[in-house]
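Participant: Below: one structure in structure tokens.
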């Protein structure tokens, strides 16, 4: 018996392109191994694509950076220990090395990957799209070295985002997490050092030089159980100061870039633990807080009174990050980390316009626009 030779593709790519609207965002679903695509005009879920390396176990996609100009995204894989206990049960306790995947934004297919240290915390891209930086929220490393702060300190991974080469690892501080890069070229990284109550200022043009470490408040004594717990660092729109969210002391502090010190008179005290905030176009700061679950809107000019919007358990459990889009506010709600989380779209009056179910433990939202 004879057969005609097969003339088709042996392994055809049947993954379709994503039909992005004019205004879209990506949400990382850390315990679903997916990225959800949202329509920012309506708040609706448009698509969800799997990401990761392991088709069986949890890869833990934790935060994403987007370079819309080059048509690529970068996602950090954290490999969380899902059987761990404690406030960071699924974050910071892995012994496995992390990875960063480079994704084609057309369909979120993988273009490449590099290995980084365990427990990737945050991933940020310079405004010009050249520097990609990953922090390592490595609580395991800190726990194993309780009397040796140098051994307890984790690294930043500095990656050439264009060449996507193997990273340069920079010793930084204990359990670094949220980061902000100077604009436009990301020469300086401002890093929230959860495990030693400091902000690290890292010159990325001299990666072998030690970072400058600034206490976020008085009474910092070393490392261990933090008194402040700086978890988030965000650069102001004009680049003159860095907002630092402290989840243990439950406050937001302001680092003056030019002075190189914290302006403690500007400290904002919150009832709940503050996480990833967002600036508004009229100089306000929208802060998500956990326990109680709410957003707090602070007028940074001091003219208007502070406004608080508390969420019921049916609306939002554990708000983790907010993003502004025009007059609307998007709130990423972690949920119970066992079932699906949600993303809320609030209007200018802070009423819920849309409540969209996404994957399990959503932890970041990034606009499909300029580099994040």
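No value in this document is a laboratory result; all are computed from the given coordinates. These numbers were taken from a predicted model, which means no experiment stands behind them. Backbone-built Cβ (ideal geometry, glycine too); neighbour counts: all protein chains shown.
Participant: Can you tell me the mean projection area, over all orientations, of the convex hull of the chain's alpha carbons? Units nm², please.
Facilitator: Its Cα hull, projected and averaged over all orientations, spans 21.1 nm².
Participant: Now for a different question. Run the quick spin-label model on residue 291 and residue 338: label points 7 Å from Cα toward the beta carbon, then report their separation in nm to one decimal.
Facilitator: Each label point is offset 7 Å from its Cα along the Cβ direction, giving 1.7 nm.
Participant: What shape does the range 245-324 take by its C-alpha gyration tensor, where a ≥ b ≥ c are the square roots of the eigenvalues and a/c under 1.5 counts as rounded, a/b above b/c as prolate, and the rest as oblate?
Facilitator: Prolate, because a/c is 1.5 or more and a/b exceeds b/c.
Participant: Let me check against my output: what whole-number percent is the relative contact order of the range 51-269, with C-alpha pairs under 8 Å and at least 6 apart?
Facilitator: Worked out over the range 51-269, it gives 11 percent.
Participant: For Cα pairs less than 8 Å apart in space and 6+ apart in sequence, what is the mean separation divided by the residue count of the range 273-372, i.e. the relative contact order in percent?
Facilitator: 19
Participant: Let a ≥ b ≥ c be the square roots of the eigenvalues of the Cα gyration tensor of the range 51-269; is it rounded (a/c under 1.5), or, if not, prolate (a/b larger than b/c) or oblate?
Facilitator: It is oblate, given that a/c is not under 1.5 and a/b is not larger than b/c.
Participant: Here is a further query. Ranking request for peptides 111-123, 141-153: highest mean number of other beta-carbon atoms within 10 Å first, then the rest in descending order.
Facilitator: Final packing ranking: 111-123, 141-153.
Participant: If you don't mind, another one. Pop a pseudo-label 7 angstrom from the Cα along the beta-carbon direction at both residue 163 and residue 265 and give the gap in nm to one decimal.
Facilitator: Taking the two extended label points, one gets 4.7 nm.
Participant: In whole angstrom, note down how far apart the Cα centers of the range 149-176 and the range 298-372 are.
Facilitator: Here the two parts' Cα centres lie 30 Å apart.
Participant: Does the range 9-55 classify as rounded, prolate or oblate by the C-alpha gyration tensor (a ≥ b ≥ c root eigenvalues; a/c under 1.5 gives rounded; else a/b over b/c gives prolate, otherwise oblate)?
Facilitator: Here the range 9-55 falls in the oblate category.
Participant: Something else about it: Determine, for 126, 227, the number of other Cβ atoms within 10 Å of each Cβ, and report the residues in order from fewest to most.
Facilitator: Sorted ascending by nearby Cβ count, the order is 227, 126.
Participant: If contacts are Cα pairs under 8 angstrom and at least 6 residues apart, what is the relative contact order of the chain in percent?
Facilitator: So the answer I get is 13 percent.
Participant: Residue 17 versus residue 3, label points 7 Å from Cα toward the beta carbon: distance in nm?
Facilitator: Spacing of the two 7 Å Cα→Cβ label points: 3.4 nm.
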